[in-house]
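Here is the structure we will look at.
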Number of protein chains: 2
Amino acid sequence: MADTPSSHTRERIVGAASAIFADKGFDGARVDEIARRAGVNKAMLYYHVGDKQALYTAVLTHNLERVEEALAAASATEGPASARLQAVIGAIVGIVHSIPDHPRIMLREIASGGANLAPEVLRRMLGMIEVVGGLLAEGREAGEFRDTDPVLTHLSIVGAALFLTSINPLRERAAELGTALDLSAAETDIAGLLGDLALHGVSAEPRKGNEK
Amino acid sequence: MADTPSSHTRERIVGAASAIFADKGFDGARVDEIARRAGVNKAMLYYHVGDKQALYTAVLTHNLERVEEALAAASATEGPASARLQAVIGAIVGIVHSIPDHPRIMLREIASGGANLAPEVLRRMLGMIEVVGGLLAEGREAGEFRDTDPVLTHLSIVGAALFLTSINPLRERAAELGTALDLSAAETDIAGLLGDLALHGVSAEPRKGNEK
DNA sequence: CCCCCATTTAACCAAACGGTTAAACTAACT
DNA sequence: AGTTAGTTTAACCGTTTGGTTAAATGGGGG
């Protein structure tokens, strides 16, 4: 990862591709538009990264690396499983807010059954599922948590986080319709509710009242 | 909705379009492929329904009507709010399983910020958000539930349901990688966990142990 | 038997798309 | 100045795509 002008161009390209893929999806994204957004000639995409599929894989790999880092850091904290679960949920919500492209791309991949996922990328995703799962198992052995399915529980948390984060833009469209419903939610709101909900949902013992 | 041969053809077209849109998304879907799947000439799509956008709106409208029916039926049941919440969650999971195209299309719409949603369709979606919200408010007034944000709670449940249901096909791709992780989950598993999780997450009082 | 109208078909089209290429530019090194 | 290797550019190309159309089909009523 030398700081050459070439690698800088590559970063700009991958960054632009990430935004366009998040906005339009793999099939909806236009290679010309990615080039325009990156401020480079279209041929540069093929020179520095590769074809559209390679571009997509580069975006996924780049974004997933960030998620992995944040997740590893959060789950490595000390303390009871309940506190660590809160930390991990906070980290998931936080990272997903700091890379808003990522959840949108992921939602589409879930929808398509991973049609555009390179095997290496898919392997990375599966690895992360075990993080919350392991945490739940620990908490259960310590008597903190009830016996819930770890994989489904993890997926519920992640699914809700992706969903809640990505639905915000719909608020603008909803506002145009003059609806009274306010869909907006700040990062802290989402992390708070999800952590709260998950903790109560999973805990063996009742927790003290509302944290809202 | 007369049972004319024309309306029958229209149904086949909308059904085929639903499957293709779910599989490939709006941009990935090919009009010729929809026609082939429906077993009709491509021009028939334009004759009976309209252009690609009209086709998409027809699919959304058709699927959303089914969801609305099931949701209305489930929330109209009698009993305490907790039981009704379980019923609604069961209905959401159930309908989403019986129309598997729907959650996949919805996930993509969330990801794109509703780029392809006709205003009328968007209005329908917003209306349904209030169902769980109203239920939570009731339960809260009756002292059954804690004070959680109704909109975010609803979206969490729906998001988790869509996500859990749609992630199943990824299991096949994951299996090709030889991973030990089993992502598959039956409808009853999902409904059970989600209902259990939500109830514990929302309840004011501790519930009796595991239901798994 | 013929006409009418809804339905269906095959052929067609312009635009948009992903991808390629030969030539031009740049700067470092000899 | 000349050479080389990395980078950038504009123009180009074959294919695919959503959409159209004129002609054909076919059955029910006069």
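Tell me, what is the percent relative contact order of chain B, built from C-alpha pairs under 8 Å that lie six or more residues apart?
On the way: 199 pairs, mean separation 42.1, N = 212.
Taking the mean separation of contacting Cα pairs over the length of chain B, I get 20 percent.
When the helix-only estimate is applied to the protein assembly as shown (DSSP H runs of n ≥ 4, each -39,500 (n - 2.57), divided by the residue count), what is the mean residue ellipticity at 222 nm, nearest 500 deg cm²/dmol?
Values: 20 runs with 316 residues, N = 424.
Theoretical 222 nm ellipticity from helices: -24500 deg cm²/dmol.
Principal axis lengths of the protein assembly as shown from Cα atoms, whole Å, largest first?
Per principal axis, max minus min of the Cα coordinates gives 68, 58, 44 Å.
For residue A:115, go 7 angstrom from Cα along the Cα-to-Cβ vector, then report the distances to that same point in the other copies in nm, smallest first.
Copy-to-copy label distances for residue A:115: 1.5 nm.
Per-residue HN-Hα couplings for the stretch B:23-39, Karplus 6.51 cos²θ - 1.76 cosθ + 1.60 at θ = phi - 60°, whole Hz, x for Gly and Pro?
3J(HN,Hα) across the stretch B:23-39, in whole Hz: 6, 10, x, 4, 6, x, 5, 10, 4, 4, 5, 4, 4, 4, 5, 6, x.
Quick one: what Rg and Dmax do you get for the stretch A:1-50 from the alpha carbons, in Å?
10.6, 33
Per residue of the stretch A:185-196, in order, report the coupling 6.51 cos²θ - 1.76 cosθ + 1.60 (Karplus, θ = phi - 60°) as ³J(HN,Hα) in whole Hz, putting x for Gly and Pro.
8, 7, 4, 5, 4, 5, 4, x, 5, 5, x, 4
Can you list residues from other chains, or at least 5 along the same chain, whose modelled amide H is less than 5 Å from the amide H of residue A:203?
A:146
Computed on alpha carbon atoms, what radius of gyration and Dmax characterise the stretch A:74-212, expressed in Å?
Cα only, the stretch A:74-212: 16.3, 50 Å (Rg, Dmax).
Restricting to lysines 8 or more places apart or on different chains, can you count the pairs in the protein assembly as shown with Cα atoms under 26 Å from each other?
So the count works out to 15.
How far is it, in nm, from the label point at residue A:44 to the one at residue B:187 when both lie 7 Å from their Cα along the line to the Cβ?
Taking the simple label geometry, residue A:44 and residue B:187 are separated by 5.3 nm.
Give me the one-decimal nm value for the distance between modelled label points at residue B:115 and residue B:138, 7 Å along each residue's Cα-to-Cβ direction.
3.9
Quote the Stokes-Einstein diffusion coefficient, in whole µm² s⁻¹, for the stretch B:1-131, based on the Kirkwood radius over alpha carbon pairs, a temperature of 25 °C and a viscosity of 0.890 mPa s. Don't skip to the end; give the middle numbers.
Details: Rh = 15.8 Å.
Diffusion coefficient, whole number: 156 µm²/s.
Note down the nm distance, to one decimal, between modelled labels 7 Å out along Cα→Cβ at residue B:172 and at residue B:7.
3.5
Considering only A:192, A:70, B:188, whose Cα is most displaced toward the positive end of the charge dipole of the protein assembly as shown, charges sitting on Cβ of Lys, Arg (+1) and Asp, Glu (-1)?
So the residue we want is A:70.
Along Cα→Cβ at 7 Å, what distances in nm separate the residue B:44 label point from those on the other copies, shortest first?
In nanometres, ordered from closest: 4.9.
Laboratory data are not the source of any read-out in this text; all were calculated from the coordinates shown. What you are looking at is a predicted structure, and each value in this text was computed from that prediction instead of being measured. So basically every Cβ, Gly included, is an ideal-geometry build from the backbone, and we count neighbours across all protein chains shown.
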